1. Looking at M226 and the list (1) under 30 Å from H71 (Cα atoms); (2) touching a residue at least 40 places away in the same chain (Cβ under 8 Å); (3) surrounded by fewer than 21 Cβ atoms within 10 Å (Cβ to Cβ), which single condition is not satisfied?
2. How about region 252-284: which of its residues are within 16 Å of Y323 (Cβ to Cβ) and loosely packed, with under 11 Cβ neighbours inside 10 Å?
3. Failed condition for V217, given (1) assigned to a helix (DSSP H, G or I); (2) without any contact (Cβ under 8 Å) to a residue 40 or more places away in the chain; (3) over 32 Å from the mean Cα position of the chain (by Cα), with all others met?
4. Only one of these conditions is not met by R74: (1) free of Cβ contacts under 8 Å to residues at least 12 places away in the same chain; (2) in a loop (DSSP other than H, G, I, E, B); (3) under 26 Å from E123 (Cβ atoms). Which number is it?
5. Identify, from the list L210, L225, the residue that is within 22 Å of L361 (Cα to Cα), at pLDDT 90 or above and either assigned to a helix (DSSP H, G or I) or among the small types (G, A, S) (or both).
6. Take the residues in region 553-586 that are part of a helix (DSSP H, G or I) and of a type outside the set (D, E, K, R), then tell me which one is surrounded by the fewest Cβ atoms within 10 Å (Cβ to Cβ).
7. From the residues in region 432-444 that are without any contact (Cβ under 8 Å) to a residue 12 or more places away in the chain and assigned to a helix (DSSP H, G or I), which one is nearest to the chain's Cα centre (by Cα)?
8. Hey, could you check region 17-75 for residues that are surrounded by fewer than 23 Cβ atoms within 10 Å (Cβ to Cβ) and hydroxyl-bearing (S, T, Y) and say which is farthest from the chain's Cα centre (by Cα)?
Amino acid sequence: MILRPGAIAKGDVMAEQTVEVLGAFYGDDSFPVDWRDGEEDLFWIFDDLHIPNPVSPMFFDIGGWWLTCDHMFRRFGTAFACDWIAKEINGYVYTAAIPAATRLHAEGTEYGNRYVARTPRDEDYAGRIAPYLGLVLPHYARNFIDWWRDRLRPEIERNFAFLDAETDATGEKSLDELAVLFEDAIDVHDRHWKIHWMINFSQFSAVLALDAAMRDVKGDVDPELMGRLQNSVEDRNWDSIEALWQMKEEVKGDDDLRAAFGGENAGDILRALGESKRGRNFVDGRLTPYQKEFGYKSIWSHEFAFKLWREDPAPILEQLRGYLETDYDYPVTIAGVREDLDAAVRELMDGVAEGDGRDRLQAALDMSLKMNPLTPDHHFYVDQGTNARVRLVLIAIGRKLVERGDLWDPEDVVYLRYQELRELMADADAFDAKTLVGERRDRREEASRIRPRDWVGTATQEALAFPYAGHWGFPEKFHRPPPEKTGEVHGLAASPGVVEGPAKVVESLAQFDEVKAGDVLVCKMTNPAWVVVFTKIVGLVSDAGGTVSHPAVVSREFGIPAVVGTSTATATIKTGDRVRVNGSTGVVELL
């Protein structure tokens, strides 16, 4: 099949470009798609890895991880892509990589997007730029951990200190001051996401080097062993869990505090704590400091529409109660993770003879192990911490607009577009914001009842080979046949082992406290805010994710069998169903 860019959906042909189409979906009555010129030629993946729910207009415009991808691909000189763009389809975020040989110009950026121009392809570009990536990528791998410790993390922490101080004083700020702070927060967001991609590529290089050394010295790579070697034992994620465990130990050893945690919900617990001096001291000395250090996260970090733990301590109190019920033992857990990592290292090096090969393998391993904490740490500092601080500025603006009579609720601000918010701040009569927000809330609610497709557009071998596609479970998802047996859900084998238990389907923060010890967690996706439930569950099944996604990595850290990237688990499995999770084969059976 010989096609030109922009012609696949139209059936036009010309002798400029040869594309083998493996599959295509351009929309139907149940899932219509409005295409801009050239977009249908791309392979668009539903971003359930980060945003499994209908996206808010404000987050799509200014919060998306894709907004700095053109910088990432330019900085590193990638031969496999020059940009990574997003498209909102029926309320959901879909993303597509732009081949490096495609010439682009920005047709429009109104809604946080960059569109593909129908222009000629530079077929030689990939070959010319590939050596540059080969030149610089190993340098990042060798040096990045020092850059992170000495320069980049301190920069992020300085930016946080600035935004936190300004946000704490938002009640005293005028609307024009908040407008400037809003732009400052966006600038910080963009800078931090550029750092995020430096982290990502540096880790990518270290893992590639380890993979190459393993193949060269040992002849093959065990995917399960490679996964175990990516586990981390010292990072901000574990710090948050340890601090929560320390709070649990304090409550466990105090009759007054333990009695307060007997309430039916977080509100009851907080009221009971406020009724005693001991309880108030616990709130002031433990709970509030925990919120300030670890509370910049929500159930879905890639969104502005969900309250943070910093704003509402209910999730912290519910997890403390869960820790009390299970008597969660952090030292035992972290010791188990450390022992498994040490065992994986021994397994890798056992039988490798002394000499140049062993030295090269050891050097690649050491470099990769140094990078392991950066996976949870970049979530803490960027995905969670940076997005959270933009939200706080937005809500401060929302409060001002409520006071002025423009909105009903400060949370309504996330239902405005970026440019609309700027216009409204400057002119209260710019448009009827209350009516517009109401309509968009309704549309988001309607979108939540839609089952998004895994992908749309045009699937080609080139698109499926995009290096990051594996984070969403591709190309396996694309080629996966339907289950041969009824009562089975198939996904990716993410953490080995077999376990049976009652399923608990979790879709909201309010359901965290309903997870019981021995449950199998079934969800769309997880992020670091979900780690607290991993102390209770015996297995995990997710709609989204690949073998290096958050649910897969954390399941391996906790030694929990997991199957990810099923696409259909939350639609097929119901709370209370008894399931068998085989984390070695990727099969989930409904028993």
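1. Just one mismatch for M226, condition (2).
2. The answer is G253, and nothing else.
3. (2)
4. Condition (2) is where R74 drops out.
5. Working: L225 fails: at pLDDT 90 or above.
Just one listed residue meets the conditions, L210.
6. A571
7. Step one: of region 432-444, the residues without any contact (Cβ under 8 Å) to a residue 12 or more places away in the chain are 432, 435, 438-439, 442.
So of that shortlist, the ones also assigned to a helix (DSSP H, G or I) come out as 435, 438-439, 442.
Working: T435: 32, G438: 28, E439: 28, D442: 26 Å.
Within region 432-444, the match that is nearest to the chain's Cα centre (by Cα) is D442.
8. In this case the residue turns out to be T18.
The values are calculated or read from the model by the stated rules, or taken from the named source; none is laboratory data. Fair warning: this is a prediction, and the values are worked out from it, not measured in the lab. Glycine gets a Cβ as well: all are built from the backbone with ideal geometry, and neighbour counts include every protein chain shown.
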